[in-house]
1. Fewest first, what order do Asp503, Asp387 take by the number of other Cβ atoms within 10 Å?
2. Excluding Asn89 itself, calculate the net charge of residues whose Cβ lies under 10 Å from the Cβ of Asn89, where each Lys or Arg counts +1 and each Asp or Glu counts -1.
3. Give me Val589, Val199 sorted ascending by neighbouring Cβ count inside 10 Å, so fewest comes first.
4. Would you compute the Debye intensity of the range 442-598 from its alpha-carbon atoms alone, equal scatterers and no solvent, and pass along log10 I(q)/I(0) at q = 0.11, 0.14 Å⁻¹ to two decimals?
5. Taking neighbour Cβ counts within 10 Å as the exposure measure, how do Phe96, Phe171 sort from fewest upward?
6. Are there chymotrypsin sites (Phe, Trp or Tyr not before Pro) in the range 394-434 that DSSP puts in a loop and that have at most 15 other Cβ atoms within 10 Å, and which ones?
7. Which of the following values of volume of the Cα convex hull per residue in Å³ was calculated from the structure shown: (1) 177; (2) 206; (3) 156?
8. Among rounded, prolate and oblate, which fits the range 212-313 when a ≥ b ≥ c are the square roots of the eigenvalues of its C-alpha gyration tensor, a/c under 1.5 means rounded, and a/b larger than b/c means prolate?
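Quick note: the coordinates plus some simple rules give every number you see, no bench work behind them. A quick note: this is a predicted structure, and the numbers were derived from the prediction, not measured. Cβ coordinates were reconstructed from backbone atoms using ideal geometry, including for glycine residues, and neighbour counts include every protein chain displayed.
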Amino acid sequence: MSLAFDLKNPNYEFIKTQTKAESAVRELLKNQIVAVDIEATGLEPYTCNMVLVQIATKEKSYIFDPKTLNLKIIKPILEDKKILKIMQNGKFDYAFIKLKLGIEIDNIYDTMLAEGVLTAGYKVSKSLGALAEKYLEIKLEKEFGMSFVNMHTNVTEDQLKYAAIDTLILFPIFEKQKTFLDKEGLVRIAKLEFAVTKVVAEMELMGIHVDKVKWMEIINALKKKRDIVSQKFQDEIRSLYPSNQFDLFGNLSNVININSQVQLMELFNKRLKVEIPATGDAILAVLDHPIAKILREYRGYEKLISAFGEGLLEKINKKTGRLHPDFIQLGAATGRFSCQNPNLQQIPRNSEEAPFRECFTPEKGNLLTVTDYSSMEMRILADLSGDEKMIKALTEGLDIHSYTAALMFNKEYSSNFKKKYPDLRQISKPIGFGLMYGMGSSGLARQIDVSKEKGKEYIKLYFKSYPKVRSFLEKMAKDAVRNGWSSTPGGRKRWYRKPERNDPEYTKLIANIERQAKNHPIQGTNADAIKYALVYVYDRLKKEKVEGGITLTVHDELVCEVREDQAEDWAKIQSEEMVRAGELFIHKVPVVSEPFVSNVWEH
């Protein structure tokens, strides 16, 4: 493909005076599309600095020097809703530009996100180098990218060329991607992702406050309980070993290392005479032995401590005193978010032993407003399948799991069904959720501790209760195998690599496609709804002039931190916007999102 610029000698202007900056802005404002990029001394906007800001046309890149210029001058370009800004990983550049210059970039096209939408389900790189190679058959020299990290010297000509190419290359990639987005009917979903980019950048900048003292109290309490269980484990197995050793203080030493797979295997297979292939939790869970139960209890505490220990507190930003996690918009092939550094999505629901969510608190003078979708994926399943009984239960506000159990086991539904038949309800609940994730009878059997045959029987009873759910899930599975993709009602696609017939694992691979295809329309629609909600809530915060912002999203939940005297009124609006987003996709059952206001994330 012929380029509008010379890859060896790109046309650029390095601007260091205000007069030249004014001239460049006048030229850039004549364009309907520009490319935007920055180079920085690191990844974190609160502690790192911008080295360069590049804004380009198809033919020329204007490189602005933040050290010598008042860059507020580029505000009319970046905030103009009529000018499209092509960016690669736009939330990164947005965060720096917003924090350092107070400018909010509007009307973004993100090549990285566009590629994510176009290749959902495939494991492919979405880096700028990978996109240039895929669409333009060009290998970019990316080694200069790292030269800006911790940089304190003047920029070199090679660095300027690199920076210029980073913007100029975005135009031909954009043109190619646009064609594919049109062809695959993915323009609407891509536009949603682009709109969310700005909201995610703002959410990451805002971050969330953590009560460090309370956090450490929980960790220390867990460590004490872990150590008690560890000692109990050693005491229980001590008689199986002929000699016991003492430490320097005359105390009995540990018999074995509880964290050693080799020693644990020797314990179970040779001394306890329990033949197991490994000591993973799935195996120990079905092993009816007191030592296995103690080991699982120990590991439960150890997992909580290692996942949520001091390491999370170390990630608190020294400048802001808050956590600023990295939210990945397309963290899953379904379009669902993932989160890292730290992963706040894995913080468990509060329990008596580990009430970690109580540690996430607002700053003084603020409150948290929390809204989530009630039984959202169940509502999506009811709507997409059109199953009359499931629609009836959700429309009438019945306890869906009790209602399902009543249908399955031929019992009368009542408001106190949960108290009367807790065991039956406990069987129906994992089936409802599990089938949405393509769970089979073996998975169900393990989860509710029954035989595989019993698991099969329960699934049959479930599908007999909701026949249209069965036909919907089967159709999704067959369509995906035939087409090579599945889709949400909003148009989000997920692709599958179909195996060759002679592949020895053909049956297993096809079953995997079918499992993923059953889940994609449900989880993907949930992802679509929460992303529209993010955009709606962000826009409404501005419209209502509420002091605060979105601080966190976890799957189908939004958390805002707002001024204390505005919190009650805002919580209702936040809930309204959540419902409005959900109603874009769900029409046959009500969308429910109850708000609550608190000084902690979750009681």
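1. Ranking Asp503, Asp387 by Cβ neighbours within 10 Å, fewest first, gives Asp503, Asp387.
2. Around Asn89, the charge tally is -1.
3. Val589, Val199
4. Here the Debye-derived log intensity ratios amount to -0.64, -0.87.
5. Exposure proxy ranking, most exposed first: Phe171, Phe96.
6. Tyr413
7. Comparing each candidate, only (2) matches the computed number.
8. oblate
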